[in-house]
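In what follows, a single structure is set out as structure tokens and then discussed.
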Amino acid sequence: MDEIYLYEWETDEGWLKIESSLDFSAVSVAKKKKHLLKKKRKYYKSHINEDYDPSKLIEPEPKPESESTNDEKAPTQEEEKPKPTKPTPSKPKPTPSSTSASSSSTSQPKKPAAAKPSGNSTQKYLLYSYVLCHLLVVVCSIFVMLGSRRYFSFAIYLTLYCHISWVFFKCGRPQRSPAYMQRVLQNSQSMDAFCAFALWFSPPMIAALAAPVTRSLAYGVSQGQKLLKKKIPFIGNKLDFLLNPIVSRRQELSRMGPLIEVWWGVALVIFWPLGMSGIASIFIYWQFLMMKYIANQSCKNAFSQVKGSLDGYVHKVPFIVPYWDKLCNYLYSQVDTAELQRRAQQGSGGGMLGGLTGMLGGLANKCNIM
């Protein structure tokens, strides 16, 4: 299976700009699909995976029937022609030494040819396990909603497996180099893995699983529907009434993920005075939000929406407004790229979040995506 069909094109802003600039009003549907596939492969190779080679996916064309029939008929015509008989010279009798040498050569068994490993076996296994784990995340969230909190950790483990295995498959083994870190941060699923790790320290509530569940519904259900229609079309067609409403809202579910993540960070702060969350869970989760804010534009948009919503409530209490503005300015200083670079050059972080800000500042100085 071509790996471009597994990429989340709906969340790639660079591709969405290219797609919006294309005009297919005077082109047939078949030509539109062919042109889009060509554009996607070119964009995927230049921006996502430099090792991607679509030529390996093209199967050799079968020979025409005319050639095969001619090849089959050729030996029969030669067999019909009478072959001239030639006098066969008398062969010398084999000596004992020659017979023993020939028998030893023929008695040695031939080594079987090594089977060529299939290049798509890893990708197929990853795809099947990817779909299964995403669907299990949704099932575990239902059990958490019913009150069984032990399924919360199962959902986190499954989410971590999905995203980490996919990042390693795309980027290769971990390396201590800025280029590798840049590839990892450009992959959207690496941030999803960081989110699952941060949620591991959160209280086991269904609200904490909201972001992973939306992504599992967006990715797992759509890929599962494709596999069912390809492998078991009878069952796949029967489940269309149940899966089509989810697949048609895939883009909306993908956009909801970052927004839910930010709201959960706000909820952890609110839950702390009530004893429903701890300092460690707040600290770890907000470290993740800081890192994603620097590397991901969707997180910045989500923070803007959340701040706009909270401003409407805060401004109803005028004496809180100055403190609210100071808090927002302080949080922004912790993710300001220029400030992080300055701190990295000076070698001092400052503040409660100093350790990670220094690290992110150094990373921002090395990576071009910042």
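Please list, in order along region 310-325, the HN-Hα scalar couplings obtained from phi with the Karplus expression 6.51 cos²θ - 1.76 cosθ + 1.60 (θ = phi - 60°), rounded to whole Hz, x for Gly and Pro.
After applying 6.51 cos²θ - 1.76 cosθ + 1.60, I find 6, 4, x, 7, 5, 5, 6, 10, x, 6, 8, 4, x, 5, 5, 5 Hz.
Can you work out the FRET efficiency for the pair Ala338 and Leu36, with r the C-beta to C-beta distance and R0 = 30 Å, to the nearest 0.05? Could the numbers behind the result be given before it?
On the way: r = 39 Å, r/R0 = 1.30.
The formula returns an efficiency of 0.15 here.
Using a 10 Å cut-off around each Cβ, can you sort Lys307, Lys42, Lys170, Lys292 from fewest to most neighbouring Cβ atoms? Show your work: numbers first, answer last.
Details: Lys307 16, Lys42 12, Lys170 20, Lys292 25.
The order, fewest Cβ neighbours first, is Lys42, Lys307, Lys170, Lys292.
Can you compute the FRET efficiency between Leu274 and Tyr157 using 1/(1 + (r/R0)^6), with r the Cβ-Cβ distance and R0 = 30 Å? Round to the nearest 0.05. Working shown, then result.
Values: r = 28 Å, r/R0 = 0.93.
Once rounded, the FRET efficiency stands at 0.60.
Expressed as a rounded percentage, what relative contact order does region 187-273 have, with Cα pairs under 8 Å and six or more residues apart? Write down the numbers at each step before the final one.
Numbers: 47 pairs, mean separation 30.3, N = 87.
Value for region 187-273: 35 percent.
Using θ = phi - 60° and the Karplus curve 6.51 cos²θ - 1.76 cosθ + 1.60, what whole-Hz ³J(HN,Hα) does each residue of region 298-304 get, with Gly and Pro shown as x?
5, 5, 4, 5, 5, 5, 4
I need Tyr7, Tyr285 ordered by Cβ neighbour count within 10 Å, fewest first.
Working: Tyr7 19, Tyr285 25.
With the fewest neighbours first, Tyr7, Tyr285 line up as Tyr7, Tyr285.
Just from the alpha-carbon atoms, what are the Rg and Dmax of region 121-335 in angstroms?
19.0, 64
Rounded to the nearest 20 Debye, what is the dipole magnitude of region 121-335 about its Cα centre when Lys and Arg each give +1 and Asp and Glu each give -1 at the C-beta?
Working: 21 positive and 6 negative charges, 154 e Å.
Dipole about the Cα centre, nearest 20: 740 debye.
Would you give the gap between the C-alpha center of region 130-158 and the C-alpha center of region 11-48, rounded to a whole Å?
36 Å
Once label points are set 7 Å from the Cα along Cα→Cβ at both Asn244 and Ala179, what is their separation, rounded to one decimal in nm?
4.8 nm
For each of Phe283, Phe194, count neighbouring Cβ atoms within 10 Å of the residue's Cβ, then give the residues from fewest to most.
On the way: Phe283 15, Phe194 20.
Result, fewest neighbours first: Phe283, Phe194.
Once the Cβ-Cβ distance between Val266 and Gln297 is put in as r, and R0 is 22 Å, what FRET efficiency do you end up with, to the nearest 0.05? Numbers along the way, then the final one.
Values: r = 20 Å, r/R0 = 0.91.
The computed FRET efficiency comes out at 0.65.
For Leu132 and Leu146, calculate 0.36 nm times their separation in residues minus their Cα-Cα distance, and state this gained length in nm to one decimal. Write out the running numbers ahead of the final one.
Numbers: separation 14, 0.36 × 14 = 5.04 nm, distance 2.15 nm.
So the chain would gain 2.9 nm between Leu132 and Leu146.
In percent, how large is the relative contact order of region 238-346, given Cα pairs closer than 8 Å and 6 or more residues apart? The partial results should precede the final answer.
On the way: 45 pairs, mean separation 25.7, N = 109.
Once normalised by length, the contact order is 24 percent.
Rule-based calculations on the coordinates, nothing more; no lab input. Keep in mind that this is a model prediction, so the values were computed, not measured. Reconstructed Cβ throughout: ideal geometry from the backbone, glycine too, with neighbour counts over all protein chains shown.
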